[in-house]
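*Asks:* Here it is: the structure, laid out below.
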Amino acid sequence: MLELDDTDRGIIHLLLGDGRMSNADLAARIHRSESACHRRVRRLEETGVIERYTAVVNQAVVGKKTTVFVEITLANMEEETLNEFEKAVRACDEVVTCFFMTGDADYLLQIAAAGTEDYERIYRTHLSRFPGIARIRSSIALRPVC
């Protein structure tokens, strides 16, 4: 495990907020030289602390204003069932994230939908057809808190 100091944590915090922040701006915000900042960021990348940079899409702006959390319980936990289910989830564009879980449900999915009618379409054409499903339980998010 890599030891992180306050400067490393500051860099991570700033990049979580803006992954496209320039090295000059980042250096100014953490009160370090640009070269020292660049070395820190490169070390965080090379050691895997920073795994990748990605875009966060505002789903509402692209017409997907409804977030649905879906708990999936599989009929069994055989390796083939898990693999087939996960392959189907990866192929479904409406799935924003999917986690393999402990507890009552085997998987937790976050779905982006245009509304409840769109979620019904997603449910009928994708979720209900995923292999190995024993139970599907959906919860519609009212609003994000943080």
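*Asks:* Can you work out the accessible area per residue across the chain, with the rest of the protein chains kept in place, probe 1.4 Å, in square angstrom? Write down the numbers at each step before the final one.
*Replies:* Details: 10290 Å² over 146 residues.
For the chain, the per-residue accessible area is 70 Å².
*Asks:* Here's a follow-up. Given charges of +1 on the Cβ of Lys and Arg and -1 on the Cβ of Asp and Glu, with all other atoms neutral, how large is the dipole of the chain about its Cα centre, in debye to the nearest 20? It would help to have the intermediate numbers written out before the result.
*Replies:* Working: 19 positive and 23 negative charges, 111 e Å.
The calculation lands at about 540 debye.
*Asks:* Given the C-alpha atoms of the range 1-117, compute the convex hull and give its volume per residue in Å³. Please report the intermediate quantities before stating the final value.
*Replies:* Working: hull volume 18.9 nm³, N = 117.
So the per-residue hull volume is 161 Å³.
*Asks:* If you stretched the chain out fully between Arg39 and Arg135, how much longer would it get, using 0.36 nm times the residue separation minus the C-alpha to C-alpha distance?
*Replies:* 29.7 nm
*Asks:* Out of the GluC sites (Glu not before Pro) in the range 44-146, which ones are loop residues according to DSSP with at most 10 other C-beta atoms within 10 Å?
*Replies:* Those that pass, being in a loop and sparsely packed, are Glu51.
*Asks:* Which whole-number percentage describes the relative contact order of the chain, with Cα contacts under 8 Å and a sequence gap of 6 or more?
*Replies:* Numbers: 157 pairs, mean separation 37.2, N = 146.
Answer for the chain is 26 percent.
*Asks:* What residues have an amide H closer than 5 Å to that of Ala75, excluding those fewer than 5 places away on the same chain, when H is modeled at 1.01 Å from N in the peptide plane?
*Replies:* Amide H to amide H, under 5 Å and 5 or more residues apart or across chains, Ala75 pairs with Ile133, Ala134.
*Asks:* Can you give me the distance in nm between label points at Glu3 and Glu78, each placed 7 Å from the Cα along the Cα-to-Cβ direction?
*Replies:* Result for the modelled spin labels: 5.0 nm.
*Asks:* Would you calculate a helix-derived [θ] at 222 nm for the chain, using -39,500 (n - 2.57) for each DSSP H run of n ≥ 4 and dividing by the full residue count, to the nearest 500? Numbers along the way, then the final one.
*Replies:* Numbers: 5 runs with 55 residues, N = 146.
Theoretical 222 nm ellipticity from helices: -11500 deg cm²/dmol.
*Asks:* How large is ³J(HN,Hα) for each residue in the range 101-107, as worked out from phi by the Karplus curve 6.51 cos²θ - 1.76 cosθ + 1.60 (θ = phi - 60°), to whole Hz, x for Gly and Pro?
*Replies:* Here the 3J(HN,Hα) series is 10, 9, x, 5, 9, 7, 9 Hz.
*Asks:* Another question, if that's okay. Taking the simple approach of a point 7 Å from Cα along Cα-to-Cβ for both Cys146 and Leu15, what is their distance in nm?
*Replies:* Those two pseudo-labels are separated by 2.3 nm.
The values are calculated or read from the model by the stated rules, or taken from the named source; none is laboratory data. Source: prediction; values computed, not measured. Counting neighbours? That spans all protein chains shown, and the Cβs are built from the backbone with ideal geometry, glycine included. What goes into the accessible areas is simple: the full protein's heavy atoms, side chains included, and nothing from ligands, DNA or RNA. Shrake-Rupley method; radii C 1.70, N 1.55, O 1.52, S 1.80 Å.
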